Amino acid sequence: MTRPVIVALDLDNEKKLNELLPKLGKPENVFIKIGMELFFNEGPAIVKELSKQGYRIFLDLKMNDIPNTVYNGAKALASLGITYTTIHALGGSQMITAAKEGLIAGTPIGKNVPKLLAVTELTSISDEILHEEQNCNLSMEQQVLSLTETAKKAGADGVICSPLEVKSLRQNVGDNFLYVTPGIRPAGNAKDDQSRVATPAQAKEWGSTAIVVGRPITRATNPEAAYEAIKKEFN
Ligand code: C5P
C-alpha cells in the first residue's frame, strides 16, 4: 500500500482553493488537509463536494469539548466523506472514545469510518507553558507519550507527532497505530517557521505512516511535480 502524502492547504476561501487544486493533479491522486480557516469560511458543503470529486480528505478541526458534544460533532463529520480527522488528546479518554463512537455512528453504511487522530501537545506549547500554565510536572517527552497512550487506549487510531518522535513512540506505544507527521522539508527547501524538520526519506526511515506537507508543495513553481517527487521519496 502506498504511504499517503497529505497536502496541507492552509487556505481560507474557495477561490484560492480552486486556483490551487488543479495544480496538484487528478483528484484521485491527491490527499488534502483542510483546516478550520477554510471550514469555518466555506462550511461543510465544500468538504462533501471535494470528497465527491475524488479527493481524499484530512479534516483537521482538533475537537475538544465534553464527550456528548464531541460525539455529535464527530457523527456529523463522518457523513462528509473524509478519511482522517482530529481531536485533542487533552480532552480526556471519555471524550476520545465518544469521538470514535460518533464517527462510527455517523458513517453511512458501506463507507469506511474516518480514522481518528489525536493531537497531543501543540508544537506551539513550550516547556515553560507546559509547566507554568498547564501545571504539568512531566517533561514534554513524557507528556506526549502519556497522552499518546491515553489516546490509543481510548480508541483513537493514531496520533499527530513529529517525525523525530515516531521511533520512540512506536517502541512505547506499538506499531498498531498511525503516526502522521507534519514538519517535513525535502532537502534544499526553506524551513519556514518549522524548527525541527525531517526529509520525506527520513520520515519513511523513522516510521511515519503518512506525512503532511504544505509550503514545499503549495508554493512550488510546479506543485504537481513537487508533490509527485515527495510521494516518490516517501514510498
Ligand atoms: O507548510 P508546512 O509544511 O509547514 O505545513 C505543515 C502543516 O502541518 C500546517 O498545516 C501546520 O499547521 C500543520 N502542523 C504542523 N505542526 C504540528 C501540527 C500541525 O506543522 N505540530
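Every read-out reported here was derived from the displayed coordinates using simple, explicitly stated rules and does not represent laboratory data. A quick note: this is a predicted structure, and the numbers were derived from the prediction, not measured. Ideal geometry is used to build each Cβ from the backbone, glycine not excepted, and the neighbour counts take in all protein chains shown.
Quick notes
- Label-point gap, in nm, between residue 68 and residue 139 - each point 7 angstrom along Cα→Cβ: 4.2
- Longest exposed-site-free window of the chain, the sites being trypsin sites (Lys or Arg not before Pro) in a DSSP loop that have at most 15 other C-beta atoms within 10 Å: 1-110
- Distance from the alpha carbon centroid of the range 198-216 to that of the range 127-157 works out to 23 angstrom.
- Those aspartates and glutamates that a straight Cα-Cα span of less than 15 Å connects to residue 115, excepting residues fewer than 8 apart in one chain: 60, 101, 157
- In terms of distances greater than 28 angstrom between alpha carbons, the cross-link table entries 23/152; 152/232; 15/167; 33/111 yield 23/152; 152/232; 15/167.
- Toward the positive end of the charge dipole of the chain, with +1 on the Cβ of Lys and Arg and -1 on the Cβ of Asp and Glu, the farthest Cα among 95, 17, 164 is that of 17.
- The sum of -39500 (n - 2.57) across all DSSP H runs of n ≥ 4, divided by the residue count of the chain, sets its helix-only mean residue ellipticity at 222 nm to -12000 deg cm²/dmol.
- Separation of the residue 2 and residue 104 label points, Cα + 7 Å toward Cβ, nm: 3.2
- Whole-angstrom gap from the range 71-121 to the range 1-67, using each part's C-alpha centre: 16
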